[in-house]
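Inspection log for the structure reproduced underneath, given as structure tokens.
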Amino acid sequence: MTDKISAMPIKVIGFPSLYVQGPGALDRLGPCLGSLADGGAVVALVDPFVMPLFKSVAAELGDKHGIRMNLLAFTGECTRREIDRLVAAIGDNACTAIVGVGGGKALDTAKAVAHALSVSIVIVPTIASSDAPTSRLMAIYDENHKIVEVPLLRRNPDAVLVDTSVIRSAPRRFFVAGIGDAITKKFEVADSVGAGLPNFFQGAPTRLASLLAESCYQVIRTDAVAAMEVFDLAVPSEVANAAFERVVEATVLYSGLAFEGGGLSIAHGMLRGITAYPQTQQALHGELVAYGLLVQLAANGFADDALLEIRDFLVKLGLPVCLADIGLPNGSDNDIRNIASLTFEAPYVAARHELVSRQQLAEAIVRVESL
Ligand SMILES: [Zn+2]
């Protein structure tokens, strides 16, 4: 009896302490920082695109809440050099909270800076392009845009504020990339759970992680096309607005909780291979991952009709479905073998090497090219 109990896996899932979403959610930043910053200085690392918007947010924080927020511009890449530069710029200014404002790389840089300074972190995504906001992970790149390390925060972000009026004013491409990053989770979590692999908390996945991943997929399949209307019309329908809010919740919240608490697989692992080619630099994380999903499904033996059905959906949204779409129009057999091989640098792909070999993965890439 005791043995049976001790053989049960330890399940773990983590969450940000607070998640806020909706048009105008930035109004909650003041109250949020009021408790987190504890009267200390706040530094916001801001993507230059949204610096004008954030200057007015900072002014209002001072006027309404008496919170002093210094703004630092993020320069575009999440590298050790950029993180060290920002930590040095903040110095010993009694900073008690960092606010990361922008896209995935700005947010990951902000996490790394908060981690180095051991202070609170508030995440304000201004585009819904990836699953970065809710998680403890940070993808750190080298100067050649290749991921070199994925360190962890001590805990999930203290707060995630998703102002959907800001998200919808960003280009549609980011929102679509976020869908690409999220649509894979149902299949990646299922792969990871099926192989009995630990999640990103070094625990067994809870059933909740799978439910979130499945729900994420359902929301995207049901609502993504309707949600696009918010980018096309000055005054979108109620139906489109509601669909947009549901898709943002799926791509930011469900997707983030699902991958971290559930695990990843080939779709994300392929980033290790693909990003080794500088030609793919123009593609967004979620675009690459969407393509990676087709390879994952092909490697898992999905029938052509099932693959084509998902491929058609990706095409409809404007997501890449072949090597040419991600900047590698002349991928040779050698490149394909190389991408497949580098994919196994991802620990969660290496751990499944008995289920999928390098050779099978290379064949899956070729199969997706032939669809
Ligand atoms: Zn991702």
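In region 179-277, the C-alpha radius of gyration followed by the widest Cα-Cα span (Dmax) gives 15.1, 48 angstrom.
Label sites at Glu369 and Thr75, each approximated as a point 7 angstrom past Cα along Cα to Cβ, lie 3.8 nm apart. A simple rule links phi to the HN-Hα coupling: the Karplus curve 6.51 cos²θ - 1.76 cosθ + 1.60 with θ = phi - 60°, which for region 183-199 gives 5, 6, 4, 3, 7, 6, 5, 4, 4, 5, 5, x, 8, x, 8, x, 7 Hz, with x for Gly and Pro.
Quick one: pull the percentage of alpha-carbon pairs in region 300-358 with a separation above 16 Å. Before the final figure, lay out the partial values.
On the way: 1046 of 1711 pairs.
Result: 61 percent of Cα pairs exceed 16 Å.
Could you give the dipole magnitude of the chain about its Cα centre, charging the beta-carbon of Lys and Arg +1 and that of Asp and Glu -1, in debye to the nearest 20?
My answer is approximately 620 debye.
Rounded to the nearest angstrom and listed largest first, the equivalent-ellipsoid semi-axes of region 175-370 from its Cα gyration tensor are 27, 21, 13. Each Lys and Arg contributes +1 and each Asp and Glu -1, all at the Cβ; summed about the Cα centre of region 1-144, the dipole is approximately 260 debye. Among beta bridges from DSSP that stay inside the chain, the antiparallel ones total about 10%. Just in region 245-353: which GluC sites (Glu not before Pro) are loop by DSSP and have at most 15 other Cβ atoms within 10 Å? Taking region 245-353 and a limit of 15 other Cβ atoms within 10 Å, the loop GluC sites (Glu not before Pro) found are Glu345. Evaluated over region 2-146, the count of Lys pairs having alpha-carbon atoms less than 27 Å apart is 7 (only pairs 8 or more residues apart or interchain).
When both bridge partners sit in region 19-170, DSSP labels roughly 10% of those beta bridges antiparallel. Computed from the alpha carbon positions, the gyration tensor of the chain leads to an equivalent ellipsoid with semi-axes of 33, 23, 21 Å, biggest first.
Counting only C-alpha contacts under 8 Å and six or more residues apart, can you give the relative contact order of region 160-238 as a whole percent? Contact order relative to length: 35 percent. For region 7-26 versus region 329-371, the spacing of their alpha-carbon centroids is 33 Å. The mean sequence distance of close C-alpha pairs (under 8 Å, at least 6 residues apart), as a share of the length of the chain, puts its relative contact order at 16 percent. Taking label points 7 Å from Cα along the Cα-to-Cβ direction, Ser118 and Glu238 give a separation of 5.3 nm. Each label point was placed 7 Å from the Cα along the Cα-to-Cβ direction; for Leu152 and Arg221 their separation is 3.2 nm. The charge dipole of region 175-370, taken about the Cα centre with unit charges on the Cβ atoms of Lys, Arg (+1) and Asp, Glu (-1), comes to about 460 debye, rounded to the nearest 20.
Considering helices alone, the calculated mean residue ellipticity of the chain at 222 nm is -15000 deg cm²/dmol, with DSSP H runs of length four and up weighted by -39500 (n - 2.57) and normalised per residue.
Relative to the longest principal axis of the Cα atoms of the chain, the long axis of helix 333-343 lies at roughly 50 degrees. Computed with the Debye formula from one identical point scatterer per Cα of region 223-331, without solvent, the log10 of I(q)/I(0) at q = 0.10, 0.16 Å⁻¹ comes to -0.35, -0.87.
Over all pairs of different C-alpha atoms, region 193-243 has a mean inverse distance whose reciprocal, the Kirkwood radius, equals 13.2 Å. Dividing the alpha-carbon radius of gyration of region 19-170 by the rule-of-thumb value 2.2 N^0.38 Å gives 0.95. Distance distribution note for region 1-102: the fraction of Cα pairs above 24 angstrom is 37%. Residues within the reach of a label modelled at Ser165 (point 7 angstrom out along Cα to beta-carbon, backbone nitrogen below 18 Å), restricted to region 42-73, are 50-65.
Every number in this text was worked out from the coordinates using simple rules, so none of it is lab data. Keep in mind that this is a model prediction, so the values were computed, not measured. Note: ideal-geometry Cβ built from the backbone for every residue, glycine included; neighbour counts use all protein chains shown.
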